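Everything below concerns the one structure shown next.
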Amino acid sequence: AVVLAVAAALLVAVGPRGAGAAPADTASGHRWITDRQGRALVLRGLSTASSTKGAPDGMPWIEEKDVARERRELGTNFVRFLLQWRKVEPSPGTYDRTYLRQVAERVRWYGKRGHHVLLDMHQDLYGPRVGGNGAPAWATGTDGLTSAPTDPWELGYVEPGTVRAFDRFWGTVEGDGRDLRKHYVGALREVARHFAADDAVIGYDLMNEPWGGSVQGPAFESGPLARLYQDAIDAIRTVDRDHWLFVEPSAIGSNWGFATGLPRLDDPRGDGDAARIAYAPHLYPLPMDLGGGYTGSTKAQVDRSLRAWRDQTEKTARRLGAPVVIGEFGLDVGLPGAMEYVEKVQRMADDMGAGFAYWSNDPGTWAPWDAKLRPTRLLPVLDRPAPLAVAGDPVAYRWDAKRKALTVSWRGTEGVRGGTEVRLPARHFPRGGRAQGGEAASWDPKSRILTLTSGPGTHSVRITPHA
Ligand code: 9MR
């Protein structure tokens, strides 16, 4: 961890400076991910799931009833669904359609219940041949170097076999002439070809927590990483014009609130509002990464990290012209102060207009359900009132737990169809909600979604529990 902290300090010294591109032409100054009706989405959900990583068939632990439970008990409208390159392309240039069909079946479980699915090409520590997950064995070049298991697992990123496998992938050491990045891009294009017409899919996360091997910092992010992203974006756009393409910074440093060197990327769809590139950094302040809680002097450190993280994220999002989704944040829910931390991050996400995918839905100590699928203390913290879709240009939204009021304001925008949807969980709104300053078009007690009418002009609605 000390090595990693030093690496991060170096990063911050040489990271990009300046405000970058101009703010978006929106009330909030940043861009929004929109649905097919043109509504701004507030994406709230979980990552599904770590169990994917080691499963021979690459499928997460869930059955359809688990998706139904999640929607019912948490009201999520988003899922970050893990994929594995080893399953997409089991041998060079051969794609496994059966695997993609199994993924599609699960996408349908989510889509049926109103979830937007982000397909995440996941990896940790490169691949199973070097103690991680993601890459197929045939695409893992170690030149005889090995990787030992480590505790914590993240230290595996500096094991020799893993570093070499990444270096071979990025082409930063002499290899055997194979272009592994071309294969990776081909695999992403194949996924996109399969899901191009699937409306339940919101987009693709091009690589989980990229790691540069022996090349780190801006040299990695503005070099091989940016090239891979651009190639992937160009390739995906030949088969899928409309889904969003989510990019992550190098995890080291950025996860803790340090600068990223990720440059602006081009979307062949067009510039400005036509571009659909989203920024999906992860958030793991270093004390949390090291297993600390949110208490005492650690709490002050975490708060500083959160401020820095928000600052850097907003700066990068402006540079990329991209809306923000917190691709991951999470911790052991039993740690002291853990729930206060989760509340704080949710508030920050609301203030930033960012969606999030909490890590993760694997039943256990980090999740809303324990190993026996009984609710943990996290469940009521995530199950809280929030807008899901805003029919126009959002100005702000906020859940005030003390006053029991959810406020949402937006400007009606021409061409947007449908109303603004807010979810009012039973624990806070047992008899539904009363909308002041706005008009309720409908209330669905089953999904607990209140739909508010929209139209031209500014809307400012305050929703409080019905007496
Ligand atoms: O929580 C996951 C842990 O059980 C695994 O051992 C580890 C390695 O695969 O991955 C953890 O999940 C991480 C995710 O894959 C990437 N971002 C950070 C997550 C928490 O460490």
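Read-outs: derived from the displayed coordinates by stated rules, not from any lab. Everything numeric here is computed off the predicted structure, so don't read it as measured data. Heads up, the Cβs are rebuilt from the backbone with ideal geometry, glycines too, and the neighbour counts pull from every protein chain shown.
The single condition among (1) more than 16 Å from Thr76 (Cα to Cα); (2) within 15 Å of the ligand (Cβ to nearest atom); (3) among the hydroxyl-bearing types (Ser, Thr, Tyr); (4) crowded, with 17+ Cβ neighbours inside 10 Å that Thr316 does not satisfy is (2). The residues in the stretch 404-424 that are buried (at least 16 other Cβ atoms within 10 Å of the Cβ) and either farther than 16 Å from Val42 by Cα or aliphatic (A, V, I, L, M) (or both) can be counted, and the count is 8. Scanning the stretch 136-154 for residues that are in contact with a Phe, Trp or Tyr (Cβ under 8 Å, 6 or more places away or on another chain) and hydroxyl-bearing (Ser, Thr, Tyr) yields one hit, Thr140.
Mind counting the residues in the stretch 60-117 that are out of contact with any strand residue (DSSP E or B) (no Cβ under 6 Å at 6 or more places or on another chain), in contact (Cβ under 8 Å) with a residue 12 or more places away in the chain and part of a loop (DSSP other than H, G, I, E, B)? Adding up the residues that qualify gives 9.
Mind listing whichever residues of the stretch 360-399 are in contact with a Leu (Cβ under 8 Å, 6 or more places away or on another chain), under 16 Å from Leu335 (Cα atoms) and of a type in the set (A, V, I, L, M, F, W, C)? If the condition is that a residue be in contact with a Leu (Cβ under 8 Å, 6 or more places away or on another chain), under 16 Å from Leu335 (Cα atoms) and of a type in the set (A, V, I, L, M, F, W, C), then Trp366, Ala367, Trp369, Leu379 are the ones that fit.
Could you please let me know if Asp205 is touching a residue at least 24 places away in the same chain (Cβ under 8 Å), out of contact with any Pro (no Cβ under 8 Å at 6 or more places or on another chain), within 16 Å of the ligand (Cβ to nearest atom) and over 20 Å from Ala24 (Cβ atoms)? Even if it seems obvious, please write down each step before you answer.
Values: touching a residue at least 24 places away in the same chain (Cβ under 8 Å): yes; out of contact with any Pro (no Cβ under 8 Å at 6 or more places or on another chain): yes; within 16 Å of the ligand (Cβ to nearest atom): yes; over 20 Å from Ala24 (Cβ atoms): yes.
For Asp205, the condition - touching a residue at least 24 places away in the same chain (Cβ under 8 Å), out of contact with any Pro (no Cβ under 8 Å at 6 or more places or on another chain), within 16 Å of the ligand (Cβ to nearest atom) and over 20 Å from Ala24 (Cβ atoms) - is met.
Scanning the stretch 310-369 for residues that are hydrophobic (A, V, I, L, M, F, W, C) and more than 18 Å from the chain's Cα centre (by Cα) returns Val333, Leu335, Ala338, Met339, Trp369.
On the basis of being among the polar types (S, T, N, Q) and part of a loop (DSSP other than H, G, I, E, B), does Thr313 make the cut?
Working: among the polar types (S, T, N, Q): yes; part of a loop (DSSP other than H, G, I, E, B): no.
Answer is no for this residue.
Among all positions in the stretch 217-227, there is no residue which is outside any helix (DSSP H, G or I), of a type outside the set (S, T, N, Q), touching a residue at least 12 places away in the same chain (Cβ under 8 Å) and within 16 Å of the ligand (Cβ to nearest atom). Residue-level analysis places Leu378 outside the set of residues that are out of contact with any strand residue (DSSP E or B) (no Cβ under 9 Å at 6 or more places or on another chain), more than 16 Å from Phe78 (Cβ to Cβ), buried (at least 22 other Cβ atoms within 10 Å of the Cβ) and not acidic (Asp, Glu). When you look at Ala391, is it more than 16 Å from the ligand (Cβ to nearest atom) and hydrophobic (A, V, I, L, M, F, W, C), yes or no? Judged against the criteria, Ala391 is a match.
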